[in-house]
Amino acid sequence: MGQRLRGLRRARGLSLEAIASSTGLSIGFISQVERGLSSPSLRVLALLADTLQIGIGGLFEPSPHEPDPDPIVVFRKDRPELQLWRAGITKQLLTPPGGTHGMSLFHMVLRPGASTGDEPFSHEGEEAGLVLEGRLTLVVEARTLRLAEGDSFRFESRRPHRFSNPDPHGQTIVLWVNVLGPTPAGSP
């Protein structure tokens, strides 16, 4: 993912200094992420995606296979995956890249006790999800919501939020959707 971040930053003509200034992250940390020496949190990925004007789904590496000129399907064997090992979260991108509304569908697995951290984060767009297995604690602004298998949610991504798997023994699986909204004409 680090190489993907570097490529996106360079394609937009942005320096490490510009990204650091926009996100409040240090140049050294961003450089470490780009070189694969540091594992960013989901909060940091959201900051970087907003700065690069893409959804978090845009941070996933494209399939190593020949690109499909009209991507409609992502086969299970070809799912791009992002492992946030420090957070204990694995995200698989289930939707083909691109599209006019920046919609990304993810299969997320939260290991026992996994969390996005104590600090809430926010970013562009809207999110929704369905707990497929286990339990999920979702904090949106001052509300703490405890969800179980079959429960679903939806909220504006600009509302500070965080989430975790409160179970110390079992994993949680969530079908998670992020939507950015229409891309302005001429934007990447």
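The values are calculated or read from the model by the stated rules, or taken from the named source; none is laboratory data. All of these numbers come straight from a predicted model, not from anything done at the bench. Glycine also receives a Cβ, built like all others from the backbone with ideal geometry; neighbour counts cover every protein chain displayed. Just so you know, the surface numbers come from the protein's heavy atoms only, side chains and all, with ligands and any DNA or RNA stripped out. Shrake-Rupley method; radii C 1.70, N 1.55, O 1.52, S 1.80 Å.
For the chain, the C-alpha radius of gyration divided by 2.2 N^0.38 Å, with N the number of residues, is 1.01. The order of the peptides 34-43, 104-113 by mean Cβ neighbours within 10 Å, most packed first, is 104-113, 34-43. Rolling a 1.4 Å probe over the protein chains gives D151 an accessible area of about 60 Å².
Tell me, what is a quarter of the convex hull surface for the C-alpha atoms of segment 1-59, in nm² with one decimal? In nm², the orientation-averaged hull projection of segment 1-59 is 3.3. Residues R158, R146, R79, R10, sorted by accessible area with the largest first, give R146, R10, R158, R79 [1.4 Å probe; ligands and nucleic acids excluded]. Taking all protein chains together and rolling a 1.4 Å probe, D118 ends up with roughly 140 Å² accessible.
Mean sequence separation of contacting Cα pairs (under 8 Å, at least six apart), scaled by the length of the chain, corresponds to a relative contact order of 20 percent.
Computed over protein heavy atoms with a 1.4 angstrom probe, the accessible surface ordering of L147, L132, largest first, is L132, L147.
Within the assembled protein chains, the solvent-accessible surface assigned to S115 is about 40 Å², based on a 1.4 Å probe. Spatial offset of segment 71-86 relative to segment 159-175 amounts to 19 Å, using the alpha carbon center of each.
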